[in-house]
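Trainee: Got a structure for you, written out below as structure tokens; questions coming shortly.
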Amino acid sequence: MSSDFARRDGVRSWGRTSNHSQHVARPRFRDELNSLIGDAEASSRLASGLRRSYGDSCLNSDGALIDMRGLDRLIAFDDRTGTLCAEAGASLSQILAFSAPRGWFLPTTPGTRFVTLGGAVANDVHGKNHHAAGSFGRHIESIGLLRSDGSRRILSPTAEPDLFAATIGGLGLTGIIEWAELRLERIASAYLDVETIPYRSLSEFWALAEQSAENFEHTVAWIDCVSRGTKFGRGLFSRANWRADDALDAHDDRTWKSIPCDAPVFLLDRLAIAGFNELYYRTNRARRGLRRQHYASYFYPLDALRGWNRLYGRRGMFQYQCVIPRSEAREAIAILLDEITRSGQASFLAVLKTFGELASPGLLSFPRAGVTLALDFPNRGMETLRLMSRLDAIVEEARGALYPAKDGRMTGKMFRHSFPRWREFVVHRDPAMSSDFWRRVSS
């Protein structure tokens, strides 16, 4: 291993179920990348960012990581069109701090702003407005990609479109994303009008989702994944549109509060989580109605807590996110929730939302028309793994898919089922790039 990778660091997944000591290089300038990706002594490389992927798609324990956070410069911005070019290590938080006061916002955003631009591209992330905007990759104009053969490619939907499609959602496996050009969305306020509506059953959720898609840009639901009986399927539906009040104040990352230690085990048992869910439902039911809310608290509520993943204790957690085609969704989501609530293993963080018809551009893009369910499971070893295997069988039967960015244990069979275009992707994978996830699903 060359001196650039000489340092070994402890690297942990966001879910804290994977923890490895591995070689890490930290470049500060793009011209340093050539020697890193072309290092013949390194068994494999993987570019990484803020490592908010829950599982092992951002880890490379058998090789080396190239930490891209030092390449975080904003390169160019066109205030007329909202087109921003930035290095791959720039975070969404950094982009928003620049763009929001100028009246521009991300076209779609995941549930944390602590994701790099390169990571957002490599995972083709999505947000609460998928029915209106589609996935992140739909708004990428071009990508600068460095391959291990030393070639620098400029990719777009019209320039090397096949490699572009492999790189969008390609998990960093087609080379190093050096920079990307992104189209932002014009906004007239940093605030949204947010309406919260309690619902008592899945049938009420379906009705709200259908009614809201036409008139609201952002929709999402919290769902109670613990309660059964008359409370089965209840939740809180949220829908929002941007305001037009010219209040364009950006967020402030210094407002963080920290989780000081790992949560004790007793806070993660079924009774504790059921109690929290009951309190959360009742409190928000009392606050139903319309309110003005800043984008930071609406899109990124958990970002207010530094190290919130410590809430799952020393053993960490698995996140499970699936998407079910619309034709199968009503039946399959009910079966999934029944299995989850009977297990008593779900956490207080569970999200149910719809995906629209706008096609994702990537060969391995997760978002597709249908309904997605995402939830966290405290890591209870084999008990949790067996539950997720049962959920896999339900998802597979319903012709659904799993999300690699949230995964730490799907099988190769489930991966191939989820991404039927995987053979097309393999043609474009850079042979020098790999990850723990890729070795698991491709073996």
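The values are calculated or read from the model by the stated rules, or taken from the named source; none is laboratory data. This one's a predicted model, so the numbers in the text were calculated from it and none came from an experiment. When we count neighbours, we look across all protein chains shown, and the Cβ atoms used for this are built from the backbone with ideal geometry, even at glycine. Protein only, heavy atoms only, side chains kept; ligands, DNA and RNA dropped before computing areas. Shrake-Rupley method; radii C 1.70, N 1.55, O 1.52, S 1.80 Å.
Trainee: In whole Hz and in residue order, list the ³J(HN,Hα) couplings for region 146-160 that follow from phi through the Karplus curve 6.51 cos²θ - 1.76 cosθ + 1.60, θ = phi - 60°; x for Gly and Pro.
Mentor: Listing the rounded values in order: 9, 9, 5, 7, x, 7, 10, 10, 10, 9, 7, x, 10, 9, 6 Hz.
Trainee: Tell me, in nm to one decimal, what length is gained between Arg26 and Arg314 on full extension, where the rule is 0.36 nm per residue of separation less the Cα-Cα distance?
Mentor: Extra length available between Arg26 and Arg314 comes to 100.9 nm.
Trainee: Please calculate how many Å² of accessible area the chain carries per residue, with a 1.4 Å probe and no DNA, RNA or ligand atoms counted.
Mentor: Result: 40 Å² per residue.
Trainee: If we sort 434-441, 365-372 on the protection proxy, mean other Cβ atoms within 10 Å, highest first, what's the order?
Mentor: 365-372, 434-441
Trainee: How large is ³J(HN,Hα), in whole Hz, for each residue of region 168-179 in order, when computed from phi with the Karplus curve 6.51 cos²θ - 1.76 cosθ + 1.60 and θ = phi - 60°, using x for Gly and Pro?
Mentor: Residue by residue, region 168-179 yields 5, x, x, 6, x, 9, 9, x, 9, 6, 8, 7 Hz.
Trainee: Which value, in Å² and to the nearest 10, is the accessible area of Tyr298 when all protein chains are kept and the probe is 1.4 Å?
Mentor: So the heavy atoms of Tyr298 present about 20 Å² to solvent.
Trainee: Going by Cα centres, region 62-118 and region 240-287 are how many Å apart?
Mentor: So the separation of the two Cα centres works out to 25 Å.
Trainee: Sorted by mean Cβ packing within 10 Å, highest first, what order do the peptides 263-272, 103-112 take?
Mentor: 103-112, 263-272
Trainee: Please state the relative contact order of region 56-199 as a whole percent: Cα pairs under 8 Å, 6+ residues apart?
Mentor: 26
Trainee: Also: In Å and whole numbers, how far do the C-alpha atoms of region 49-198 stretch along each principal axis, longest first?
Mentor: 49, 37, 28
Trainee: Roughly to the nearest percent, how much of the accessible area of the chain is carbon and sulfur, given a 1.4 Å probe?
Mentor: 52
Trainee: Search the structure for amide H atoms under 5 Å from the amide H of His218, placed 1.01 Å from N in the peptide plane, and list their residues when 5 or more places away or on another chain.
Mentor: Long-range HN contacts for His218: Ala240.
Trainee: To continue, here is another question. If you rank Glu160, Glu397 by how much accessible surface each has, with a 1.4 Å probe, what is the order from largest down?
Mentor: Of Glu160, Glu397, the descending order of accessible area is Glu397, Glu160.
Trainee: Can you give the FRET efficiency to the nearest 0.05 for Thr81 and Asp252, using r as the Cβ-Cβ distance and R₀ = 35 Å?
Mentor: Given R0 = 35 Å and the Cβ-Cβ separation, E is 0.80.
Trainee: Further question on the same structure: With a 1.4 Å probe and all protein chains in place, put Glu424, Glu204 in order of accessible area, largest first.
Mentor: Of Glu424, Glu204, the descending order of accessible area is Glu424, Glu204.
Trainee: Got a sec to turn the phi values of region 342-349 into Karplus ³J(HN,Hα) couplings, 6.51 cos²θ - 1.76 cosθ + 1.60 with θ = phi - 60°, whole Hz, x for Gly and Pro?
Mentor: Karplus values, whole Hz, x for Gly and Pro: 5, 6, x, 9, 5, 9, 7, 9.
Trainee: Students often get this wrong: which residues of region 244-269 have the backbone nitrogen under 12 Å from the point 7 angstrom along Cα-to-C-beta of Leu305?
Mentor: 257-264, 268
Trainee: OK, next. Amide H of Glu178 versus every other amide H placed in the peptide plane: which residues, excluding those fewer than 5 positions away on the same chain, fall under 5 Å?
Mentor: Under 5 Å from the amide H of Glu178 lie the amide H atoms of Gly144, Leu145, Leu146, each far enough along the sequence or on another chain.
Trainee: Label Ile154 and Leu279 with points 7 Å out from Cα along Cα→Cβ: what is the distance between them in nm?
Mentor: Taking the simple label geometry, Ile154 and Leu279 are separated by 5.6 nm.
Trainee: As a test of reading the structure, rank Ile223, Ile75 by solvent-accessible area (1.4 Å probe, protein chains only), most first.
Mentor: Result of the area sort, largest leading: Ile75, Ile223.
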